[in-house]
Each structure stands twice: as C-alpha cells, then as structure tokens.
C-alpha cells in the first residue's frame, strides 16, 4: 500500500476510491473497503482508501478530546492489512470542510485520479452534507466520475456497526464485545514508567503505563485480562488494573498498571502495547492488604484460564 500525503501525487494511477474517517477500521469498514477493492478489480483500476489526518470534530467544533479508537498510525496499519493499492491521508481543515460535494468530487478526480467513487450506504459528504446520493451521481457524471453506492452492512443481520457504538462499549468496559466488532482486541500503547511499587510489595509486581496518545479512549476503572506486546514483538498474557488504588490511598489520579505473567525483566522506559480481552471486575477498596492480595491471586487464576 502506498500512502499518499499530498495532492497531485504524480504516481497515482486511475482509481476506485472510498472515503471515511474509519476510526477503528471495524468490521463494517472492512466490508465496504473490500467492496471497493472488488469494484476496482472488476474495472481494472487501482483501489484507494481516503481518510483524514484528524477527526472532523477537532476542526469544526473545536473538540480537543475526540476519544478515538485508533491513532492515525494504527489506522493506517489496519488499512494496510486489507491491501488496497493506495491510502490518501487528507489534511482536514476548514478549507476542505467548506468544499461542496461537487467541489470535493472535482478535487478527488483532479488531485487523486479518482474515476469511481464508492459512497457509503447512508453517507453524506461536502459542506454541511447538504446533498444526497442522486445529486452526487449527477455531479460525478458531469466530471467523469462514476458515483456508486456501497452495500449496507449489518452485524449478524441485526444492526449496523458504528465507531460510536464501539466507543460506547469500551467506555462501558465491554471490551469483549468491542473486540467482536473491531475484529481485533482494543489496544492502548505507552511507555513503562516508575510507579508506587505497591504491586511488588504484595507479590504481584506491575509495570506502570504512561499512555502515548491522549485521544485514545481509556476503559473504565477495573481489572482486565490483557496481553502485552513488548518492543521486540513478544506477547505475554497479563492482568491489568485501571484505577486510583483505593486500598493504598495513594491519590485520586488514575493509573494503568499491568502484571505481566511469568515475566521479570526490567522494562522501564520501554514502549509496550496493551491488548484488551475482557473486564474481570470493578476496582474496589479492600479492608486489608491481605484481602487485596487474595483477590488478586483469584483474578490472576481467572485471567490465566480465560486467556488459555
């Protein structure tokens, strides 16, 4: 996959394209992207996914905390797994947002060699999203761009899948159902930093994670079954706690601490990825460290069995 970050790229061959922010690159996104790629194959053209470098709400409404499922780098990596020929990353700004549907289609043809444009089943684009699919077809025909509608995708024949739904699941702690809709475990990434050393005191040493991206959604406080991917690519099972450590009374700010099973190397300063599989329980305050230790041992066994 060739990533296109500037318009008018000389190497772009005529394409069939699809547009979207594609946060999470979930099962519904994958369905329509593959449909676009099938159309490109039928027409003997190249395939192109078109996305944005930032969430439109950051520009249009000044949203400083968009709560995303994926960073741009993660999104590009997931799109690349589908093997389109190109992925164009547009700089979403007020100038781009001000383009009419006609102006946007004209830009796609002249700057990105788009010959066929696949529109989502209920998707609208252009300034204020004020036009409909039939008008897109008319505008496209006048420009020499064939505008086609993607098939509707429904999860298990029951409902649509949206990034908004998946964000809601993760914020509610249902990372297991989120995984089913994403087709992969939800992921957070960051560096291992010094913590309070409380886990080590009770026999369950933890790595304290400082998140690398402030826009990623953080699941609610609780204990989670996770896997930890180290910088060398090796993946270990683990038990992760998100919360304020109420039993230790160490403070009110949230921390992310993971006990990596059967692992004792020094990884301070290392970059790690956390893959979420299931929430085990809420974070609660225990009457004693002994009760906490006993519960953590139970959690550890539960998670080992679950991940095995």
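Against the conditions (1) in contact with a helix residue (DSSP H, G or I) (Cβ under 7 Å, 6 or more places away or on another chain); (2) modelled with pLDDT under 95, residue 297 satisfies every one except (1). Take the conditions (1) surrounded by fewer than 20 Cβ atoms within 10 Å (Cβ to Cβ); (2) part of a loop (DSSP other than H, G, I, E, B); residue 245 misses just one of them, which is (1).
Applying the condition of being within 15 Å of residue 26 (Cβ to Cβ) and part of a strand (DSSP E or B) to segment 140-172 and asking which residue is modelled with the lowest pLDDT yields 159. Residues in segment 79-89 that are surrounded by 17 or more Cβ atoms within 10 Å (Cβ to Cβ) and either assigned to a loop (DSSP other than H, G, I, E, B) or free of Cβ contacts under 8 Å to residues at least 60 places away in the same chain (or both): 82, 84, 85.
Could you count how many residues in segment 23-45 are in contact (Cβ under 8 Å) with a residue 60 or more places away in the chain and under 13 Å from residue 117 (Cα atoms)? Residues flagged as in contact (Cβ under 8 Å) with a residue 60 or more places away in the chain and under 13 Å from residue 117 (Cα atoms) within segment 23-45 amount to 7.
The values are calculated or read from the model by the stated rules, or taken from the named source; none is laboratory data. It should be emphasised that the depicted structure is a prediction, and the values quoted were computed from it without experimental measurement. Don't worry about glycine lacking a Cβ; one is built from the backbone with ideal geometry, like all the others, and counts go over all protein chains shown.
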